[in-house]
2 protein chains.
Amino acid sequence: MPPRKLTQDAVISAGMAMADESGLDGLTMRALARRLGVEAMSLYHHVANKEALLDLMVDRIYREIELPQARGQWRAELRRRSLSVRAVLHSHPWALPLMESRHRPGPANLAYHDANIGCLREAGFTGAQVAFAYAVIDAFVYGFVLQESTLPFDSGPEAASMIVTDGFGDALRGYAHMMWFAEQVIPAPGYSFDREFEPGLDLVLDGIEHVVLRGAS
Amino acid sequence: MPPRKLTQDAVISAGMAMADESGLDGLTMRALARRLGVEAMSLYHHVANKEALLDLMVDRIYREIELPQARGQWRAELRRRSLSVRAVLHSHPWALPLMESRHRPGPANLAYHDANIGCLREAGFTGAQVAFAYAVIDAFVYGFVLQESTLPFDSGPEAASMIVTDGFGDALRGYAHMMWFAEQVIPAPGYSFDREFEPGLDLVLDGIEHVVLRGAS
DNA sequence: ACCTGAACACCGTTCAAGT
DNA sequence: ACCTGAACACCGTTCAAGT
């Protein structure tokens, strides 16, 4: 089952699979080696150290994201890319906290930023507009995913009953507005946190469009 | 220097100071004990374990944020609160990644959410509008701070020269748009990543105001 | 070139013992 | 009640040794 020859690619893939299954805490050099049917120290022949492995895993994440085309359709392209960012980060929940602490961008990271900047630039954005639009869109996208990962419950209708039943309701006593939110808003038909993403993204894109058309910022 | 009597509060404060100085990696139970002039195992008399200590530290973060008043001035209040969130997270760079992985909200956390929801609710927002506005504003605020913490350089004009000189320019070869951004946009007078925050926040607040006035969402 | 075993300097935490 | 020392089961990583 373990590949005959250990390669850096195999180590990275196994590291990602391991983090997907057991979280970042479950990813230890020793456990990773065990998974690959090899001794812990063998890994160091393909990867400088654990930090380097994490850097490589992060770059793989960037490689999975659908890049925007630079064909002038900035809004549709960045919208599609944003949905892809969210999908990728959902399938690798360990990635976002990790991206935050890595400061050595790999090639896929650079290509990713290049495509995003290029998409806005080719659509006629000035330098200042590119900087503003890119910062605001990504703040929203990454921030939204960050919030999703923080939710103590899966969003969706079933969450509501959990809040009320699981003694979670007791914790809320004394917090009238949270009580209202938990009892009146979350259980409302059709409410689900993740459904706020696309309208929120459109709100941001509308704002950008508005600013650019006016030539402001 | 170390307090005569060890208290939970003293342990939490020392933990925060330690994380401020040496990052989350530098915060070990053993080092924390040393700082308090005590043996490692003494800490466990005031804190169940390290996880519990981190939960308590996160709740202290929420306590530091200026809460919005529920006087109907939702926009001004949430704007002020958002600036406070950013300021607090800047002074405790370890906090954001940590808030993400804690799922047992403490009392300050609950009070914080209660105040935010109350601020919107008292201003006449419907349940669905509160959910949408709160999600979008916080996605932007936390996402922006997240991006700031990821920047490989301090934002600001000095950053520009660093990019070009420090061999960072070499890494950019082949990425034409990034090259343009690094050479033309970042060094431009007045450019600084952190200056995008307030205009970005206003863009989001404008969007919320627009949606609420129209009664949409 | 690639893999290994033993060893080092760390972790968080348990437990029995001290005052 | 509060603090401690020794010990346990882990880490990442170095280094000398094997093939």
Based on other C-beta atoms within 10 Å, arrange B:D55, B:D194, A:D170, B:D114 from fewest to most. A:D170, B:D194, B:D55, B:D114
HN-Hα couplings for segment A:197-213 via Karplus (6.51, -1.76, 1.60; θ = phi - 60°), in whole Hz with x for Gly/Pro, come out as 4, 5, x, x, 4, 5, 4, 5, 5, 4, x, 4, 4, 4, 5, 5, 5
In percent, how large is the relative contact order of chain A, given Cα pairs closer than 8 Å and 6 or more residues apart? 17
What's the average, rounded to a whole number, of partner chain beta-carbon atoms within 10 Å of each residue's beta-carbon in A:175-186? 6
What is the gain in length, in nm to one decimal, between A:A176 and A:S22 on full extension, counting 0.36 nm per residue of separation less the C-alpha to C-alpha distance? 51.7 nm
Charge tally for neighbours of B:A31 with beta carbon under 11 Å away, counting Lys, Arg as +1 and Asp, Glu as -1, is +1
Karplus couplings for segment A:8-25 from phi (6.51 cos²θ - 1.76 cosθ + 1.60, θ = phi - 60°), rounded to Hz, Gly and Pro as x? 4, 4, 5, 5, 5, 4, 5, x, 5, 4, 5, 5, 4, 7, 10, x, 5, 5
Environment charge of B:T150, counting only residues whose C-beta is closer than 9 Å and scoring Lys/Arg +1, Asp/Glu -1: -1
Given Cβ charges of +1 for Lys and Arg and -1 for Asp and Glu, the option among A:F197, B:S42, B:L203 whose Cα lies farthest towards the positive end of the dipole of the protein assembly as shown is B:S42
So what is the 222 nm mean residue ellipticity for the protein assembly as shown from helices alone, if each DSSP H run of at least 4 adds -39500 (n - 2.57) and you divide by all residues, rounding to the nearest 500 deg cm²/dmol? -21000 deg cm²/dmol
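Where in segment B:3-109 are there trypsin sites (Lys or Arg not before Pro) that are in a DSSP coil and have at most 15 other Cβ atoms within 10 angstrom of their Cβ? Each step should come with its number before you reach the end.
Values: sites: B:R4, B:K5, B:R30, B:R34, B:R35, B:K50, B:R60, B:R63, B:R71, B:R75, B:R79, B:R80, B:R81, B:R86, B:R102; in loops: B:R4, B:K5, B:R71, B:R102.
Answer by residue number: B:R4, B:K5, B:R71.
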Can you order the peptides A:198-204, A:136-142 by their average number of other Cβ atoms within 10 Å per residue, highest first? A:136-142, A:198-204
Per-copy distances of the B:S22 label point, shortest first, in nm (7 angstrom along Cα→Cβ): 2.7
So the label point sits 7 Å from Cα along the Cα-to-Cβ vector; using that for B:D202, what distances do you get to the other copies, in nanometres, sorted shortest first? 2.6
Computed over segment A:1-47, the distribution of all Cα-Cα distances in 10 Å bins, rounded to whole %, is 30, 61, 9
Orientation-averaged projected area, Cα convex hull of the protein assembly as shown (nm²): 24.3
When the Cα centres of segment B:1-59 and segment B:96-110 are compared, how far apart do they sit, in Å? 18
Please give the average number of partner chain Cβ atoms lying within 10 Å of the Cβ of each residue in B:86-99, rounded to a whole number. 1
Taking chain B as a Gaussian network, where each spring joins two C-alpha atoms under 10 Å apart, which residue of B:P107, B:P93, B:P189 fluctuates the most? B:P189
Can you list, shortest first in nanometers, how far B:Q8 lies from the same residue in the other copies, with each label 7 Å from Cα toward Cβ? 4.9
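Just so you know, all these numbers are worked out from the coordinates, no wet-lab data involved. On a predicted model such as this, the values are computed, not experimentally measured, just so you know. With ideal geometry, Cβ positions are generated from the backbone for all residues, glycine too; neighbour counts draw on all protein chains shown.
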